[in-house]
Amino acid sequence: MKVSKSIDGGSLTGYGCGGRVDKLIEVETRQELSQIFKESAKRGDEVSVIGGGYNTLIGPGGVRGILLKLAGEFSLIKVNGENLIAGAGARNSELIAVAVDSGLSGVEFLSGIPGTVGGTVRGNAGSGQESVGGRLVEIECFDGEKFIRLTDLKNSFSYRKFNLPSGYLITEAVFSLDKSSPEIVGNDIASRIANKKKTQPFGQNCGSVFKNPPDSSAWELIDAAGFRGYSMGGARVSEKHTNFIECLPGANEKDIWNLIKLIRKKVYDQCGIKLSLEIQLLGEGFD
Ligand SMILES: Cc1cc2nc3c(=O)[nH]c(=O)nc-3n(C[C@H](O)[C@H](O)[C@H](O)COP(=O)(O)OP(=O)(O)OC[C@H]3O[C@@H](n4cnc5c(N)ncnc54)[C@H](O)[C@@H]3O)c2cc1C
C-alpha cells in the first residue's frame with residue numbers, strides 16, 4: 001500500500017481543485033483493506049473512498065481521517081466467457097478496452113464516462129436509457145469486517161443510484177455482456193465518443209452536476225434561469241452543456257460550491273423545482 005499525507009484534493013478529482021486530504025491510502029490487496037479498517041476502527045478514524053474523482057467535489061475544509069483509493073489487485077479485469085470480472089479500482093476505459101478486445105458488447109455506453117468501476121457502480125452511471133446496473137450480475141463488497149457477494153441485484157439500482165448499505169465499499173463487479181465482434185463494438189464506441197465531443201465541454205469538470213428532475217432536464221432549467229456561460233470566480237457554467245460546471249485556471253472548490261448554491265436557489269425561485277446533486281460531496285466546508 002502507498003500512504004501519502006496532506007494531499008492537495010485537487011489532484012484527486014476531475015475539477016482539479018478541492019481541500020486538503022489528511023491521509024490518502026492506495027490499497028492494493030484485500031488483506032491490506034481488512035487491516036486498514038481494523039486499525040482505523042481502533043483509532044476512531046473515519047474512512048472514505050474515492051475512485052477517479054470524476055463525480056466528486058471535495059469541500060474547502062478537506063477530508064479528515066483516511067481516504068482510500070483502490071489499486072493493485074482491485075484494478076484487475078478478467079474475462080470469463082461472456083462475463084467481465086472487474087476490480088472496483090479498474091478504470092472504465094480499461095473495462096471498455098477489454099470488452100472490445102474480447103468482442104463483447106454491453107458497456108459501450110460507458111464510453112466518454114471517465115472514472116473507475118467502483119465509482120461507476122456506486123452512482124449507477126449511464127447514458128441515455130442504459131446504466132451500469134443493467135449489466136451487473138454480482139458485486140463484491142467489503143462491510144468493514146468481511147467481504148460479501150451480492151447476487152440479488154434486481155431492485156438495487158435506480159436513476160444514478162445504487163442502494164449500497166452505508167459503510168460498504170464496492171471491491172469487484174461482474175458484468176454480463178453479449179457476444180459481438182471487436183469491429184462492431186469498436187465502431188459503436190467511436191460514434192458515441194464523437195457525439196459526446198460535440199455536446200460536452202473539455203477541460204476540468206465532473207460531468208453533470210445535477211440529476212434530471214422527473215419529467216424535465218436539469219440543463220434546460222439552468223439554461224432558462226440564465227446561467228449559460230455564467231461564472232463565479234473560476235467556476236463557469238458551460239456554454240456547451242449548462243449542467244456542466246467547468247473550472248478555469250485559478251478556480252477553487254468554494255467557487256464551485258457557491259455557484260451550485262446560486263443555481264439551485266434561482267431555479268427554485270423561478271420554477272419551484274429543487275435540483276438534487278448528481279455529483280457527490282466529500283469532506284468538510286459545505287456551508
Ligand atoms: C466529461 C465527463 C462526462 C461524464 N459523463 C457522464 C455520463 O454520461 N453519465 C454518468 O453517469 N456520469 C458521467 N460523468 C460522471 C462520472 O464520469 C461518473 O459518475 C463516473 O462513474 C465516476 O466514477 P469515479 O470513479 O470517478 O467516481 P468518484 O467521483 O471517485 O466517486 C463517486 C462516488 O462513489 C464513491 N465510490 C467510489 N469508489 C467506490 C467504491 N469502490 N465503493 C463504494 N463507493 C465508491 C465515492 O465515495 C463517491 O461518493 C461524466 C464526467 C465527466 C468528467
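The values are calculated or read from the model by the stated rules, or taken from the named source; none is laboratory data. On a predicted model such as this, the values are computed, not experimentally measured, just so you know. Every residue, glycine among them, receives a Cβ derived from its backbone with ideal geometry; neighbour counts consider all protein chains shown. Remember, those area values only see protein heavy atoms, side chains included, never the ligands or the DNA or RNA. Shrake-Rupley method; radii C 1.70, N 1.55, O 1.52, S 1.80 Å.
Picking from residues in the stretch 136-167 that are more than 14 Å from the ligand (Cβ to nearest atom) and not in a loop (DSSP other than H, G, I, E, B), the one that is farthest from the chain's Cα centre (by Cα) is 149. No other residue among 180, 111, 127 is in contact (Cβ under 8 Å) with a residue 60 or more places away in the chain and either over 29 Å from residue 209 (Cβ atoms) or in the same structural domain as residue 27 (by TED's automatic domain parsing) (or both) apart from 180. Among the residues of the stretch 229-257, those that are of a type in the set (A, V, I, L, M) and in contact with a strand residue (DSSP E or B) (Cβ under 8 Å, 6 or more places away or on another chain) comprise 235, 237, 245, 248, 251, 256.
If you go through the stretch 173-194 and pick out every residue that is crowded, with 17+ Cβ neighbours inside 10 Å and within 15 Å of the ligand (Cβ to nearest atom), you end up with 5. When residue 170 is tested against (1) within 21 Å of residue 113 (Cα to Cα); (2) part of a loop (DSSP other than H, G, I, E, B); (3) within 11 Å of the ligand (Cβ to nearest atom), just one condition goes unmet, and that condition is (2).
For (1) among the hydroxyl-bearing types (Ser, Thr, Tyr); (2) in contact with a Pro (Cβ under 8 Å, 6 or more places away or on another chain); (3) surrounded by fewer than 17 Cβ atoms within 10 Å (Cβ to Cβ), each residue gets a yes or a no:
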residue	(1), (2), (3)
110	no, no, no
117	no, no, no
122	no, no, no
127	yes, no, yes
134	no, no, yes
140	no, no, no
144	no, no, yes
149	no, no, yes
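Of all residues in the stretch 226-257, exactly one satisfies the criterion of being outside any loop (DSSP other than H, G, I, E, B), among the aliphatic types (A, V, I, L, M) and open to solvent by 20 Å² or more (accessible area, probe 1.4 Å), namely 232.
Would you point out the residue of the stretch 59-99, among those that are within 10 Å of the ligand (Cβ to nearest atom) and assigned to a strand (DSSP E or B), that is most open to solvent (accessible area, probe 1.4 Å)? Among residues in the stretch 59-99 that are within 10 Å of the ligand (Cβ to nearest atom) and assigned to a strand (DSSP E or B), the one most open to solvent (accessible area, probe 1.4 Å) is 91.
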